[in-house]
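S.K.: The structure is given below, and queries will be raised subsequently.
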Amino acid sequence: MARMTVPEKIAQLYGVWVGVDAAAGNVAPHQHEFAAAPPDWEALISSGIGQLTRVFGTSPVAPEIGVRAVARSQRQIMSAGRFGIPAMVHEECLTGLAAWQATAYPSPLCWGATFNPELVERMAARIGESMRSLGVHQGLAPVLDVARDMRWGRVEETIAEDPYLVGVIGSAYVRGIESTGVVATLKHFVGYSASRAGRNLAPVSIGRRELADVLLPPFEMALRAGARSVMNAYIDLDGVAVAGDPAILTDLLRDTYGFTGTLVSDYFSVAFLQMLHGAAGTSAAAAELALAAGIDVELPTVDCFGEPLTEAVERGDVDVALVDRALERVLTQKCELGLLDQDWSPDPPAISQERVDLDDDESRQVARELAWQSIVLLSNNATLPLKPGRRIAVVGPRAHDPGAMLGCYSFPLHVGVHHPDVPVGIDIPTVLEALRDDPAGYEVSYALGCPVLDGEDEDIAKAVALAENADVCVAVLGDKAGLFGGGTSGEGCDAKDLRLPGRQEELLEALLATGTPVVLILLVGRPYEISRQSDRLAAILCGFFPGEEGGPALADILSGRVNPSGRLPVSFPGESTNQPSTYLAAPLGQRSEVSTLDPTPVFPFGHGLSYAPVQWLEVKHSPSPWPTDGTCELAVSLRNASAIPACEVVQVYLHDPVAEVARPVQQLIAARRVELSPGETVTLRMELHADLTSYTGRSGQRQVDPGDVELRVGASSADIRETVRMTLEGPRRQVGFDRVMAPDFHQ
């Protein structure tokens with residue numbers, strides 16, 4: 001650092017987005033306003049480059065070609081700069097590496113629905129291995145925003161409406177991807193999902209307890225899991241833009257949590273300090289504000305951290321110490337990755353392969369397992385599983401569209417949609433194709449019914465006629481994922497209410513009127529309000545964009561070859577279609593006689609049915625009292641009396657009847673997926689530390705209180721099988737980042 005000039009130092013603090021232009025399609029807010037070609041490449045690399053942005057994820061490029069492009073660019077960068085420092089390469093990787101021909105895994109809501117952190121960790125390791133083989137060093141995932149308002153378009157990118165579940169599953173993703181040497185990036189720190197009215201990139205006005213007790217715990221858990229990078233949230237929090245807030249990005253993240261990795265800006269968020277927030281008058285002032293707050297790297301491309309910052313430092317308007325602080329973090333991370341080793345090679349491992357397979361059999365198998373375990377059976381009146389040879393009318397806009405399986409950050413919908421002449425690159429069977437190919441020998445007919453949006457009367461009539469002549473109708477409805485108005489779900493695709501988009505509810509009512517049993521399959525990015533139809537449907541299955549293997553996985557469940565085992569990571573709302581409530585409501589947020597709006601969900605958080613329900617035998621617990629600095633033990637015995645494999649997700653909710661502040665009536669503090677073979681009995685044991693009862697008190701500090709609590713043990717937030725009353729005994733304790741955040745399980 002001492003030998004570097006100011007331009008050389010600052011060059012390490014920004015990314016460069018090669019190949020982005022206005023024709024590439026928007027994948028970030030206001031991208032069209034920043035889509036000008038970057039500065040002259042030869043001139044730019046003479047001082048070095050901090051990061052290369054989305055070499056594989058900007059346009060469809062064969063991985064064999066992309067690998068060579070990465071190696072070529074790295075050689076040019078190393079040869080041009082005085083110190084030969086290579087660039088870090090980053091990519092999006094939320095539902096798999098966002099690259100052409102790479103596996104498209106299920107969406108994060110599916111991860112939450114599995115309640116299976118071990119499987120999510122396996123998926124993330126597969127993603128990390130593919131990234132590492134291509135020369136990618138950093139992945140922009142996982143998203144740890146807790147879903148707060150289901151109208152928000154990015155609900156599909158969240159894991160759940162519960163901070164414990166988000167933290168456990170998000171931490172598993174971090175462990176998986178970091179195990180391969182790829183840097184995981186936590187996003188979006190913090191508050192993004194709590195925007196007013198569910199609007200994307202809107203102001204956030206929440207109290208410090210909602211921030212501390214709902215939105216921050218997943219980040220705390222994932223930081224302790226080993227994440228080495230964090231990305232700021234776009235929003236302003238109570239009027240202060242997070243990208244320029246040292247209280248959040250330095251005092252909290254670094255001083256309190258002890259984070260020592262790199263803090264990268266969300267795309268264009270440094271420029272947004274001037275453009276959107278009005279917190280800076282010039283690009284240089286925006287750069288200084290971001291640096292002072294704690295942002296180390298400006299992404300996606302050179303802007304405020306380029307000439308404006310360089311000139312300001314050289315004039316003496318910006319203290320070079322701010323640049324040095326960020327530079328030390330960036331170079332330290334490059335050292336950790338081996339990029340400054342003398343024997344480091346710019347050739348990625350896959351460069352020697354004639355064909356790079358990013359969607360191999362093992363990856364597809366992991367995608368299938370995730371899909372199996374994430375699909376939720378919401379209701380069933382004994383119609384499922386479908387008997388072999390049945391006449392099935394498959395109807396609906398999501399029945400025969402490969403995109404119905406994918407979220408907005410999958411490559412085909414994120415980038416490929418802007419290149420319609422390029423093949424999708426991976427095989428994505430639809431529900432219709434999977435049922436037609438099913439070994440159960442169904443007699444399958446198909447009608448569109450209506451598109452996701454709009455539609456014609458005659459198409460609905462055709463679907464009705466088809467259903468009338470079938471034994472059962474399978475209606476596949478839901479969302480089209482997209483970006484910035486390109487869909488009904490996804491970034492920038494917020495919903496005005498929670499009714500099914502377009503004419504889909506009208507189609508569903510017409511199908512129900514036929515008298516033919518209707519099985520509803522929802523392929524959605526958020527929960528929708530289906531209370532008017534739920535009691536009349538023969539069965540309801542929900543898949544939250546279950547990935548490239550989602551179609552076959554749904555057929556496996558419809559036929560009964562696989563027993564459904566997913567559980568809802570988000571509640572399905574009742575008749576009040578515009579209520580942004582989650583199950584984490586205090587008493588005043590529950591149904592009452594003083595309001596005409598009832599927030600009670602139709603299908604609650606944690607709900608999910610099975611073809612072979614597991615028997616709950618008994619719940620044992622250690623004797624009260626429970627020390628305020630100690631543990632209590634629970635033991636839950638389960639039995640599978642059926643002839644097929646079965647699964648239960650044991651859930652433990654805390655109810656604290658008396659506290660300094662209004663707390664949720666109940667909140668998840670432990671959950672474990674338990675698999676049982678036919679005839680098997682299993683006892684799940686767990687140790688719950690008193691830290692799990694902590695909350696943010698009136699002092700603003702997190703505390704464990706003595707007093708009575710209830711541990712509600714059950715199969716969902718509304719299906720409590722046993723209530724264990726315990727008394728916490730001992731002094732009130734203040735706890736912090738080093739507290740126990742998850743239970744210990746033994747089986």
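The values are calculated or read from the model by the stated rules, or taken from the named source; none is laboratory data. Predicted, not measured: the structure shown is a model, and the values here were computed from it. Glycine also receives a Cβ, built like all others from the backbone with ideal geometry; neighbour counts cover every protein chain displayed. In case anyone asks, the SASA skips ligands and DNA or RNA and just uses the protein heavy atoms, side chains included. Shrake-Rupley method; radii C 1.70, N 1.55, O 1.52, S 1.80 Å.
S.K.: Among the aspartates and glutamates, which have Cα under 19 Å from the Cα of LYS496 when same-chain residues fewer than 8 positions away are ignored?
M.R.: Once the sequence-local aspartates and glutamates are set aside, what remains near LYS496 is ASP149, GLU156, GLU157, ASP454, ASP479, GLU505, GLU506, GLU529, GLU575, ASP598.
S.K.: Relative to the Cα centre, what is the charge dipole magnitude of the chain, using +1 at the beta carbon of each Lys and Arg, -1 at the beta carbon of each Asp and Glu, and rounding to the nearest 20 debye?
M.R.: 1020
S.K.: Sequence-distant or interchain residues sharing an amide H contact under 5 Å with SER379, placed H: which?
M.R.: ILE540
S.K.: A further question follows. What is the log10 of I(q)/I(0) for the stretch 463-554, computed with the Debye formula using one identical point scatterer on each Cα and no solvent, at q = 0.26 Å⁻¹?
M.R.: Each listed q corresponds, in turn, to -1.34.
S.K.: Which one of ALA475, GLY425, TRP344 has its Cα pushed farthest toward the positive end of the charge dipole of the chain, where Lys and Arg give +1 and Asp and Glu give -1 at the Cβ?
M.R.: Among ALA475, GLY425, TRP344, the one farthest towards the positive end of the dipole of the chain is ALA475.
S.K.: Just going by the charge dipole of the chain, with Lys and Arg at +1 and Asp and Glu at -1 on Cβ, which of VAL155, PRO217, LEU109 is farthest out on the positive end?
M.R.: PRO217
S.K.: Okay, next question. Could you order THR332, THR488 by accessible surface area, starting with the largest, using a probe radius of 1.4 Å?
M.R.: THR332, THR488
S.K.: Could you work out the mean projected area of the convex hull around the alpha carbons of the stretch 674-747, in square nanometres to one decimal?
M.R.: It is 6.7 nm².
S.K.: In addition: In the stretch 118-246, if the dipole is taken from +1 on Lys/Arg beta carbons and -1 on Asp/Glu beta carbons about the Cα centre, which of VAL182, LEU134, SER205 is farthest to the positive end?
M.R.: Result: LEU134.
S.K.: In the stretch 626-747, carbon and sulfur make up what percent of the accessible area (probe 1.4 Å)?
M.R.: C and S atoms contribute 43 percent here.
S.K.: What accessible area, in Å² to the nearest ten, does a 1.4 Å probe give for ASP427?
M.R.: 100
S.K.: Something else now. When a/c reaches 1.5 or more, the comparison of a/b and b/c decides; with that in mind, is the stretch 235-381 rounded, prolate or oblate per its Cα gyration tensor?
M.R.: Cα axes put the stretch 235-381 in the oblate bin.
S.K.: Now for a different question. Sorted by accessible area with a 1.4 angstrom probe, largest first, how do ASP359, ASP421 fall?
M.R.: ASP421, ASP359
S.K.: Any chance you could check the Cα centroid distance between the stretch 690-705 and the stretch 181-214 for me, in angstrom?
M.R.: When both Cα centres are located, 21 Å separates them.
S.K.: A further question on this structure: Spelling out what I want: for every residue of the stretch 403-419, take phi, set θ = phi - 60°, compute 6.51 cos²θ - 1.76 cosθ + 1.60 (Karplus), and round to whole Hz; glycine and proline get x.
M.R.: Here the 3J(HN,Hα) series is x, 5, 8, 10, x, 5, 9, 6, 4, x, 9, 7, 10, x, 4, 8, 10 Hz.
S.K.: By how many degrees, between 0 and 90 and to the nearest 10, does the Cα long axis of helix 457-468 differ from the longest principal axis of the chain?
M.R.: Once rounded, one gets 50 degrees.
S.K.: Report VAL658's accessible area, 1.4 Å probe, all protein chains in place, as a number in Å² to the nearest 10.
M.R.: In the full protein context, VAL658 sits at about 120 Å².
S.K.: Of all the Cα-Cα pairs you can form in the stretch 27-116, what percent are over 16 Å apart?
M.R.: Here the tail beyond 16 Å accounts for 65 percent of pairs.
S.K.: Would you mind finding the longest exposed-site-free stretch of the chain, with exposed GluC sites (Glu not before Pro) meaning DSSP loop and at most 10 other Cβ atoms within 10 Å?
M.R.: 1-353
S.K.: Okay, moving on. Kindly provide log₁₀ I(q)/I(0) values, in the same order as q = 0.06, 0.08 Å⁻¹, from the Debye equation applied to equal alpha-carbon scatterers of the chain.
M.R.: -0.36, -0.64
S.K.: Still on this structure, I have one more. At 1.4 Å probe size, with every protein chain present, just tell me what the per residue accessible area of the chain comes to in Å².
M.R.: Here the per-residue accessible area is 35 Å².
S.K.: I want to verify the translational diffusion coefficient of the stretch 249-332 in µm²/s; compute it with Stokes-Einstein, Rh as the Kirkwood radius over Cα pairs, at 10 °C and 1.306 mPa s.
M.R.: Translational D for this selection: 123 µm²/s.
S.K.: Quick one: compute the contact order of the stretch 305-451, relative version, from alpha carbon pairs under 8 angstrom and 6+ residues apart, as a percent.
M.R.: Once divided by the residue count of the stretch 305-451, the mean separation gives 24 percent.
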